[in-house]
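Presented below is the structure to which this report refers.
The values are calculated or read from the model by the stated rules, or taken from the named source; none is laboratory data. Predicted model, so just to flag it, every value in this text is computed and none were measured. Note that each Cβ is placed from the backbone with ideal geometry, even for glycine, and that neighbours are counted across all protein chains shown.
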Amino acid sequence: MSKTNNLADSDLLSTNSKRDEFSIKTNTHESIAIKQIPSRSPNTQPNARNTKIHIREQKGFFQRIRTGLNSLLVVLFFLMPLIQYQGRQAVLFDLEEQNFFFFGTTLWPQDFTLLAWILITAAFLLFFITTFLGRVWCGYLCPQTAWTFIFVWVENKIEGNRNKRRTLDKAPWNKNKIIKRVSKHLIWGIIALFTGCGFIAYFVPAQTVYPQIFSVNASFLLTAWVWFFAICTYVNASLMREMVCLHLCPYARFQSSMFDANTITVAYDATRGESRGPRKRKQETNLGDCVDCNLCVDVCPTGIDIRNGLQYECINCGACVDACNQTMDKFGYQKNLIGYRSDNDLAGNKNAPLKSLKFSGYGICILIMLAVISADIYLKKDIQLNVIRDRMNLYRETLDDKIENSFTLKIRNKTQEKKIYQINITGDMDYRLNGSRFVTVEAGEQVTHPITVVIDSTFYATGMGTDSHAGHANISFKIVDISLTSNQVSQESNFFTP
Ligand code: SF4
Ligand code: SF4
């Protein structure tokens with residue numbers, strides 16, 4: 001592929017590697033200038049895109065944060081489905097019963113607008129954070145990154161450091177290589193299978209998934225889904241790795257539209273670093289602070305050279321920051337030649353994030369959506385009532401001078417505990433209910449409760465009712481939870497008369 005094509009394909013977004021040289025000018029909160037950077041070659045860059053990336057292990061402040069957050073994510077992912085609450089799995093999208101349990105709250109299909117609002121708010125929160133802190137989500141909390149780092153950690157433990165892994169790649173197949181490769185893929189496979197089980201355990205109770213899968217006793221459908229997600233995990237974290245971030249993830253493609261000159265991302269201070277060049281420690285030199293040790297490239301999980309400027313491949317993981325700070329320490333230079341900073345920081349301009357239209361706009365959207373979610377939660381009822389009239393007989397006149405109407409009440413208990421509900425009837429006339437006022441509904445169940453409502457013909461005939469009652473009158477059914485009277489729901493209907 002020609003150099004030109006390479007650049008067009010890569011859609012690179014870049015600030016300069018050397019600001020003076022390229023004379024980038026940005027407004028205090030406007031867009032970042034774009035520059036094409038040279039294509040990479042395996043000869044000049046060890047982690048080039050067309051060679052397998054062997055990440056060099058890096059320790060440091062940001063890597064401790066990343067490892068901590070990634071570990072938290074993985075632990076929560078596996079732990080959540082194992083938590084029991086009120087006698088059932090605390091977090092479960094029960095596809096069979098078509099509802100979502102979340103710690104004592106049950107969402108039914110008709111409540112899924114709430115779930116939709118939560119997801120939309122989460123998306124806006126992501127946009128908001130991206131405008132402020134770039135792709136920190138990718139570097140610190142994205143499952144793809146977390147699982148890739150787990151797989152790399154396993155690879156590192158079995159095959160050794162980056163140089164040993166490279167040597168092993170080139171080595172002929174012998175007993176040592178076969179044992180290492182088989183062990184690595186076996187452990188990767190086990191992690192992937194657990195991940196598949198862990199994911200499906202959000203949809204099928206975990207107490208079913210793990211025993212049935214590992215005793216090879218699961219139904220075909222359950223087995224197929226678990227293996228599908230296990231294979232996806234295996235392929236993503238072992239074979240594709242950074243390719244997912246570079247070519248599959250849509251977020252990588254549109255995140256640049258959220259960036260502006262105030263966005264804080266990992267950036268190289270070219271003014272300070274250039275001209276780069278190797279030297280001995282404590283050697284007097286006219287060079288910039290970059291000693292060209294290449295560590296920032298070696299530790300990069302996406303194989304880029306951040307000294308070329310901001311690129312869409314950068315997931316903001318901070319590995320190059322830690323690597324460069326380590327080098328700066330060794331040479332006695334000031335830290336943060338590579339650091340988290342905005343384009344305005346680099347240009348010496350004042351950051352004005354609050355004045356940024358995108359930043360404020362996303363912030364306002366999030367506040368509006370949080371208000372909508374709060375209102376939705378506040379108005380959410382734990383009882384669902386559906387009143388159905390008897391359509392065969394609009395009314396019946398009885399021998400003892402009464403007029404009857406029949407209704408069927410469908411009452412659903414949307415909580416996770418058994419409830420006793422009281423049926424109250426109000427309206428234009430002196431309604432009475434034939435039969436019991438109380439109905440018991442098990443947790444999550446719906447009962448069909450037929451009732452008959454009666455009025456005295458005398459009430460109707462003496463005109464206590466008004467002319468407006470001729471034909472029909474208003475009737476209101478109210479279902480009240482007797483253990484929590486604020487939990488009630490009403491529905492209007494019609495009472496028919498001669
Ligand atoms: S350039 Fe630095 S922050 Fe960006 S992905 Fe590579 S190592 Fe992580
Ligand atoms: S780690 Fe720092 S000093 Fe080393 S090459 Fe990268 S920018 Fe230069």
(request) Would you check which residues across segment 50-68 are over 21 Å from residue 157 (Cβ atoms) and either touching a Lys or Arg at 6+ places or on another chain (Cβ under 9 Å) or at pLDDT 90 or above (or both) and list them? (result) 50, 61, 62, 65
(message) Which of the numbered conditions does residue 315 fail, given that it passes all the others? Conditions: (1) more than 9 Å from ligand 1 (Cβ to nearest atom); (2) within 25 Å of the chain's Cα centre (by Cα); (3) not charged (D, E, K, R).
(response) (1)
(request) Determine which single condition residue 190 fails, assuming it passes every other condition in (1) over 21 Å from the mean Cα position of the chain (by Cα); (2) under 23 Å from residue 320 (Cα atoms); (3) in a helix (DSSP H, G or I). (result) (2)
(message) From the list 384, 334, 326, exactly one residue is within 28 Å of residue 103 (Cα to Cα), of a type in the set (S, T, N, Q) and modelled with pLDDT of 85 or more. Which is it?
(response) 384
(message) List the helices (runs of 4 or more DSSP H) inside segment 276-353, counting only whole elements, that have at least 3 residues being buried (at least 20 other Cβ atoms within 10 Å of the Cβ) and within 14 Å of ligand 2 (Cβ to nearest atom).
(response) 295-298, 319-331
(request) Taking residue 357 as the residue in question, decide whether it is within 16 Å of residue 129 (Cα to Cα) and either within 16 Å of ligand 1 (Cβ to nearest atom) or exposed (fewer than 15 other Cβ atoms within 10 Å of the Cβ) (or both). (result) yes
(message) Suppose we filter 411, 451, 377, 420 for residues that are out of contact with any strand residue (DSSP E or B) (no Cβ under 7 Å at 6 or more places or on another chain), within 29 Å of residue 108 (Cα to Cα) and in contact (Cβ under 8 Å) with a residue 24 or more places away in the chain; which single one remains?
(response) 377
(message) One residue is enough: does segment 137-155 have a residue meeting the conditions farther than 17 Å from residue 245 by Cβ, part of a helix (DSSP H, G or I) and not aromatic (Phe, Trp, Tyr)?
(response) yes
(request) Would you mind telling me which numbered condition in (1) more than 13 Å from ligand 1 (Cβ to nearest atom); (2) touching a residue at least 24 places away in the same chain (Cβ under 8 Å) residue 321 fails? (result) (1)
(message) Is it the case, given these coordinates, that residue 375 is out of contact with any Asp or Glu (no Cβ under 8 Å at 6 or more places or on another chain), within 16 Å of ligand 2 (Cβ to nearest atom) and at pLDDT 85 or above?
(response) no
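Is it the case that residue 414 is closer than 25 Å to residue 90 by Cα and surrounded by 15 or more Cβ atoms within 10 Å (Cβ to Cβ)?
When the stated conditions are applied, residue 414 passes them.
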(message) Which numbered condition in (1) within 14 Å of ligand 2 (Cβ to nearest atom); (2) free of Cβ contacts under 8 Å to residues at least 40 places away in the same chain is the only one that residue 269 fails?
(response) (2)
(request) Would you please list the contacts, defined by Cβ atoms under 8 Å and residues six or more apart or on different chains, that run from a residue in segment 158-173 that is over 12 Å from residue 298 (Cβ atoms) and surrounded by 14 or more Cβ atoms within 10 Å (Cβ to Cβ) to a residue that is at pLDDT 90 or above and among the hydroxyl-bearing types (Ser, Thr, Tyr)? (result) 158/183
(request) Being surrounded by 17 or more Cβ atoms within 10 Å (Cβ to Cβ) and modelled with pLDDT of 90 or more is the filter; apply it to segment 471-487 and report the residue that is farthest from the chain's Cα centre (by Cα). (result) 475
(message) Condition first: among the aromatic types (Phe, Trp, Tyr) and within 16 Å of residue 262 (Cα to Cα). Now tell me which residues in segment 121-140 satisfy that.
(response) 127, 128, 132
(message) Going by what's in this entry, would residue 121 be described as over 27 Å from residue 367 (Cβ atoms) and among the polar types (S, T, N, Q)?
(response) no
(request) Answer yes or no as to whether residue 382 is among the acidic types (Asp, Glu), more than 16 Å from ligand 2 (Cβ to nearest atom), out of contact with any Lys or Arg (no Cβ under 8 Å at 6 or more places or on another chain) and in contact (Cβ under 8 Å) with a residue 24 or more places away in the chain. (result) no
